[in-house]
1. Filter region 14-24 down to residues that are of a type in the set (A, V, I, L, M) and more than 19 Å from GLU135 (Cα to Cα) and give me whichever is farthest from the chain's Cα centre (by Cα).
2. Failed condition for ILE64, given (1) modelled with pLDDT under 95; (2) in contact with a Lys or Arg (Cβ under 6 Å, 6 or more places away or on another chain); (3) under 15 Å from ALA125 (Cβ atoms), with all others met?
3. Would you confirm, using the coordinates I've provided, whether GLY65 is without any contact (Cβ under 8 Å) to a residue 12 or more places away in the chain and either surrounded by fewer than 21 Cβ atoms within 10 Å (Cβ to Cβ) or not hydrophobic (A, V, I, L, M, F, W, C) (or both)?
4. Name, by its number, the condition in (1) at pLDDT 95 or above; (2) touching a helix residue (DSSP H, G or I) at 6+ places or on another chain (Cβ under 8 Å); (3) more than 24 Å from CYS27 (Cα to Cα) that does not hold for VAL95.
5. Would you check if MET1 is within 21 Å of GLY108 (Cβ to Cβ), surrounded by fewer than 16 Cβ atoms within 10 Å (Cβ to Cβ) and not hydroxyl-bearing (Ser, Thr, Tyr)?
6. I'd like to check which helices (runs of 4 or more DSSP H) are fully inside region 25-101 and have at least 3 residues that are among the charged types (D, E, K, R) and either over 10 Å from the mean Cα position of the chain (by Cα) or under 25 Å from CYS116 (Cα atoms) (or both).
7. Report whether or not VAL114 is out of contact with any strand residue (DSSP E or B) (no Cβ under 8 Å at 6 or more places or on another chain), at pLDDT 95 or above, assigned to a helix (DSSP H, G or I) and not polar (S, T, N, Q).
8. Tell me whether region 12-24 contains one or more residues that are surrounded by fewer than 20 Cβ atoms within 10 Å (Cβ to Cβ), in contact (Cβ under 8 Å) with a residue 40 or more places away in the chain and either out of contact with any helix residue (DSSP H, G or I) (no Cβ under 6 Å at 6 or more places or on another chain) or on the phi < 0 side of the Ramachandran plot (or both).
Amino acid sequence: MSTKVEHALELHNRGCNCAQAVACSFCKEFGIDEDEMFRIAEGFGLGMGCMEMCGALSGMAMIIGLDNSKGSTEEGSKTKGTTYKKIREQVERFVGKNGSCICRELKGVDTGKVLCSCSQCIEDAVKLTEKYLAER
């Protein structure tokens, strides 16, 4: 198990949501304060505020965006399309392994059949993010 996975799972055990756990585990690489990322990612847990997408994948998307975006508020972003593509590729890998990217489906809220625990979603999202960063 990687150090980042261990750190993300530790954060989750301390009460961070899945998005916070994943995103905060990559703060050092991007020079971002972990407490700041904690606040940024707070609304993305439990399927983005109990909506849909797995929070661990939302955290992964934040890191891929940080890595790939070359834009600014002044000039806009010419990299949005590639950022979206890179995120979609990683989410598809996650779905291939776990059967869904929807929080309530992963947790078995409607069916009673858990596809993937939060801890496993976090581990998979961190590993996918690590692999993405290593291959860029």
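The values are calculated or read from the model by the stated rules, or taken from the named source; none is laboratory data. Fair warning: this is a prediction, and the values are worked out from it, not measured in the lab. Note that each Cβ is placed from the backbone with ideal geometry, even for glycine, and that neighbours are counted across all protein chains shown.
1. Quick first cut of region 14-24, residues of a type in the set (A, V, I, L, M) only: 19, 21-23.
Applying the additional criterion that residues be more than 19 Å from GLU135 (Cα to Cα) yields 19, 21.
Details: ALA19: 5, ALA21: 8 Å.
Checked region 14-24; the qualifying residue farthest from the chain's Cα centre (by Cα) is ALA21.
2. (1)
3. Working: without any contact (Cβ under 8 Å) to a residue 12 or more places away in the chain: no; either surrounded by fewer than 21 Cβ atoms within 10 Å (Cβ to Cβ) or not hydrophobic (A, V, I, L, M, F, W, C) (or both): yes.
No; evaluated as a whole, the condition is false for this residue.
4. The number of the failed condition is (2).
5. Details: within 21 Å of GLY108 (Cβ to Cβ): no; surrounded by fewer than 16 Cβ atoms within 10 Å (Cβ to Cβ): yes; not hydroxyl-bearing (Ser, Thr, Tyr): yes.
Taking the combined requirement at face value, the residue does not satisfy it.
6. Working: elements: 27-30, 34-41, 45-50, 55-68, 80-98.
Where helices (runs of 4 or more DSSP H) fall fully within region 25-101 and carry at least 3 residues being among the charged types (D, E, K, R) and either over 10 Å from the mean Cα position of the chain (by Cα) or under 25 Å from CYS116 (Cα atoms) (or both), they are 34-41, 80-98.
7. Numbers: out of contact with any strand residue (DSSP E or B) (no Cβ under 8 Å at 6 or more places or on another chain): yes; at pLDDT 95 or above: yes; assigned to a helix (DSSP H, G or I): no; not polar (S, T, N, Q): yes.
No.
8. Filtering region 12-24 for residues surrounded by fewer than 20 Cβ atoms within 10 Å (Cβ to Cβ) gives 13-15.
Now narrow it down to the ones that are in contact (Cβ under 8 Å) with a residue 40 or more places away in the chain: none.
No, region 12-24 contains no residue that is surrounded by fewer than 20 Cβ atoms within 10 Å (Cβ to Cβ), in contact (Cβ under 8 Å) with a residue 40 or more places away in the chain and either out of contact with any helix residue (DSSP H, G or I) (no Cβ under 6 Å at 6 or more places or on another chain) or on the phi < 0 side of the Ramachandran plot (or both).
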